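All remarks here apply to the structure that follows.
FYI, it's all coordinate maths here, none of it is from the lab. This structure is a prediction, so every number in the text was calculated from the model and none was measured. Glycine gets a Cβ as well: all are built from the backbone with ideal geometry, and neighbour counts include every protein chain shown.
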Amino acid sequence: MATIDTRVHATTVSERRELGPGVVLLTLDAAELANATRPGQYVMAIPPSGETAATALAVYETQGKLASLLFFTTGKRTRELAALHSGDRLDLIGPLGNGFDCSGDARDVAIVAGGVGIASVLLCAQRLVRLGSRVRLFYGARTAELLIESQRFADAGCELVETTDDGTRGAPGFVTDALERAPRPQAIYACGPTPMLRRVAQIANASGVRAQLSLEETFGCGIGGCWGCVVPLVRASVQAPSFPPAQAVNGDFVYARICREGPVFWAHELRW
Amino acid sequence: MSTVPSLAVRLGSLELPYPTLMGSGCYGTGEEFAPLADLTRIGAIVLKSVTRLPRLGNPMPRIVHTPAGMLNAIGLQNPGIDWYLERELHKYAERPCKLIGSVAGFSVDDYARVCERLAARAEIAAVELNVSCPNVASEGETFGCDPGLTAEVVRAARSTTDKTLIVKLSPNVTDIAAVARAAEAAGADALAVINTVRGMAIDVDAWRPRLGNVAGGLSGPAIRPIAVLAVYEAAQAVRIPIVGQGGIETLTDALEFFLAGASAISIGTANFTDPRVPGRIVTELQAYLARRGLADLGALVGKANQGFTTPHQYEGDEG
Ligand SMILES: Cc1cc2nc3c(=O)[nH]c(=O)nc-3n(C[C@H](O)[C@H](O)[C@H](O)COP(=O)(O)O)c2cc1C
Ligand code: FES
């Protein structure tokens, strides 16, 4: 849900770093945003040119008055953002989305990140470690040079399990295979491509572990106004006041907006 | 000139302080955009189209970004008119701007019944008839593509309310002037021109359509020239005011529409780029009129067409 803190923030790029091929970390001077953002929330970056749609990006890290965004350049919109330099202005809408529930009652936690999904889970990992949980990060990418920021998570106190599709680092294969082989955690947090999340949901649901999945989708507005980003939820799991169409429509599922009711959903409420 | 130029506009009996409508389906209920835009400086919000029965909408994906625009195929997801009136609409009453209800349907009777119930509500200042939704397996758009059916829908809806009726036309026709005339003759107070343009995108890795619904509606700057021409042609065919739309993002874009013959404009997709766009256009439009020594928007409407006579919907005009 958009929070009372959601607004347009005028920020300034304080640092731009390339972490890997096509992987950019933008650190922004954004005191209010940094202060208001909870783990798993995101922003809509308003394109400086005004020529493309705004882009949804996870808030990777916050520190004092700084907030950073970590993204892969995959198209026109991310290329425009990747071209920004220190001192440039970037306007953002945020913080947006419900974020992860990191209340910390699970002592042994698995975080599963695939590819750019890593950008959504650092704040969550830091919070859980601080609350005293054991945090294992299962982190998969296509190839070694795309496994970025592992050290950052290790420094934060996570145990690392890395995988690459091509076996150039860590265990070869999918990150979900590594998750399945490992001792069962008490809670799972995950962000990554949809096939990975589906598999995490299967593993979690089959073993009765509660899992929170942060979904990715092509957004229109990114703030709940267009119904372009929906995901089917098991109808019975939807609470009455949260969104009315559930009760008005017959059928065993309802569509929730990923940008508004999510992006984080419980694995057991998704009707995949 | 010392007086501030007026941006006020009248659509039938509906008086708006600004000529900027927020496009149906693009502005939610207004609540989503309230923290990001000054709703006191927009003309009105056109609410998401509502149908007689609840609709789940189309399967995902529903949105694809394309060069200079986007395709959408939402499929009119909405809770249906019963739930909408009982549980939703009262929540919108607090908005600091006027609300225009939007009706979509699959029969003449659908349109008339939903229009009647919606228009009866105090929260609703006017009703837009969406006879041009391209995203519901052709049925929705059938009405807007046929002058006879358009007239039937408008006549039936007209008999249910005295509030302003705006008829939203489809660009996916060979002769938009004919549909415009039919809507006017059947009692429309204004026309919205245009709805989205039918389109498709294909995933060449998966060899499949990108949208769950296969076809979608194209919006954004990509359709602006199509929209400007449609407004130009429709404006010459009717005397009622036109709400121009399709890819408006800047003052220049807005001016194109006014000069083509629109009396007001609607902003949809641009809100997804930057929610400050409508506020910026209003400020710049006011400055533009002042700079040119023009008292109101009437001085611009249709001026790209030398034979065009301005409809009377500006403050100070007679009739
Ligand atoms: C995501 C999305 C949803 C839309 N939903 C509706 C709708 O429910 N009813 C309607 O009449 N028009 C709908 N439209 C059309 C817009 O109101 C507008 O007429 C069109 O997009 C052209 O204007 P634009 O280029 O400024 O967006 C929708 C457009 C978009 C992009
Ligand atoms: S992207 Fe518009 S509702 Fe989610």
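Between helix B:147-158 and chain B, what is the angle of the helix's C-alpha long axis to the longest principal axis, kept within 0 to 90° and rounded to the nearest 10?
80
What distance in nm separates the two pseudo spin-label positions at residue A:194 and residue B:284, each 7 Å out from Cα along the beta-carbon direction?
Here the answer is 3.6 nm between the modelled labels.
Stick to the Cα atoms of region B:9-305, pair each with every other, and give me the Kirkwood hydrodynamic radius in Å at one decimal.
18.8
Could you check the simple spin-label distance between residue A:159 and residue B:239, using points 7 Å along Cα→Cβ, in nm with one decimal?
Rounded to a tenth, the inter-label distance reads 8.2 nm.
Among B:132, B:13, which comes first, second and so on when ranked by fewest other beta-carbon atoms within 10 Å?
B:13, B:132
Based only on Cα atoms, what mean projected area does the convex hull of the protein assembly as shown have, in nm²?
For the Cα atoms of the protein assembly as shown, the hull's average projected area reads 26.6 nm².
For a quick check: with amide H placed at 1.01 Å from N, whose amide H comes under 5 Å from residue A:111's, ignoring anything fewer than 5 positions away on the same chain?
Amide H to amide H, under 5 Å and 5 or more residues apart or across chains, residue A:111 pairs with A:136, A:137, A:138, A:189.
Taking a quarter of the surface of the convex hull around the Cα atoms of region A:70-162, what do you get in nm²?
Quarter of the Cα hull surface area: 7.4 nm².
Quick check: the angle from helix B:251-260's long axis to the longest principal axis of chain B, C-alpha only, nearest 10 degrees?
With rounding to tens, the tilt is 80 degrees.
How high is the relative contact order of region B:1-122, in percent, with contacts defined as C-alpha pairs under 8 Å that are six or more residues apart?
24 percent.
Taking the Cβ-Cβ separation of residue A:177 and residue A:32 as r and a Förster radius of 45 Å, what is the calculated FRET efficiency to the nearest 0.05?
That gives a FRET efficiency of 0.60.
For a test of the definition: using alpha carbon positions, the gyration tensor, and the 1.5 limit on a/c, classify region B:77-206 as rounded, prolate or oblate.
Cα axes put region B:77-206 in the oblate bin.
Can you work out the base-10 log of I(q)/I(0) for region A:7-96 at q = 0.19, 0.20 1/Å, using the Debye formula on its C-alpha atoms alone?
-0.77, -0.87
Can you give the helix-only mean residue ellipticity at 222 nm for chain B, where every DSSP H stretch with n ≥ 4 adds -39500 (n - 2.57) and the sum goes over all residues, rounded to the nearest 500 deg cm²/dmol?
Computed mean residue ellipticity for chain B: -8000 deg cm²/dmol.
Does region B:153-305 come out rounded, prolate or oblate by the C-alpha gyration tensor, with a ≥ b ≥ c the root eigenvalues, rounded set by a/c under 1.5 and, if not, prolate when a/b is larger than b/c and oblate if not?
Taking the square roots of the gyration eigenvalues as a ≥ b ≥ c, region B:153-305 is oblate.
Could you give the distance between the Cα centres of region B:94-130 and region B:239-260, to the whole Å?
23
Within 10 Å of each Cβ in peptide A:122-130, how many partner chain Cβ atoms are there on average? Round it to a whole number, please.
Neighbouring Cβ atoms belonging to other protein chains average 0 per residue here.
To the nearest 0.05, how large is the calculated FRET efficiency for residue B:185 and residue A:74 if R₀ is 45 Å and r is the Cβ-Cβ distance?
The pair residue B:185/residue A:74 has a calculated efficiency of 0.35.
Please build a GNM for chain A, connecting alpha carbons under 10 Å apart, and tell me which residue among A:59, A:43, A:231 fluctuates the most.
Maximum among the listed residues: A:231.
Quick check: pseudo-label points 7 Å beyond the Cα along Cα→Cβ at residue A:151 and residue B:306, how many nm apart are they?
7.2
Over all directions, average the projected area of the Cα convex hull of region B:196-257 and note it in nm².
5.5
Could you work out the relative contact order of region B:229-305? I mean the mean sequence separation of Cα pairs under 8 Å and 6+ apart, divided by the number of residues, in percent.
34
So if R0 is 51 Å, what FRET efficiency would residue B:175 and residue B:208 give, r being the distance between their Cβ atoms, rounded to the nearest 0.05?
According to the calculation, E is roughly 0.90.
So what is the relative contact order for region A:129-177, in percent, with contacts set as C-alpha pairs under 8 Å and at least six apart?
Relative CO of region A:129-177 lands at 37 percent.
Arrange A:266, A:227 by Cβ neighbour counts within 10 Å, fewest through most, would you?
The order, fewest Cβ neighbours first, is A:266, A:227.
Calculate the mean, over all residues of peptide B:265-271, of how many other protein chain Cβ atoms lie within 10 angstrom of the residue's Cβ.
Rounded to a whole number, the mean comes out at 2.
Within 10 Å of each Cβ of B:25-32, how many other protein chain Cβ atoms are there on average?
Mean number of neighbouring Cβ atoms from other chains: 5.
Does chain A come out rounded, prolate or oblate by the C-alpha gyration tensor, with a ≥ b ≥ c the root eigenvalues, rounded set by a/c under 1.5 and, if not, prolate when a/b is larger than b/c and oblate if not?
It comes out oblate by the Cα gyration axes.
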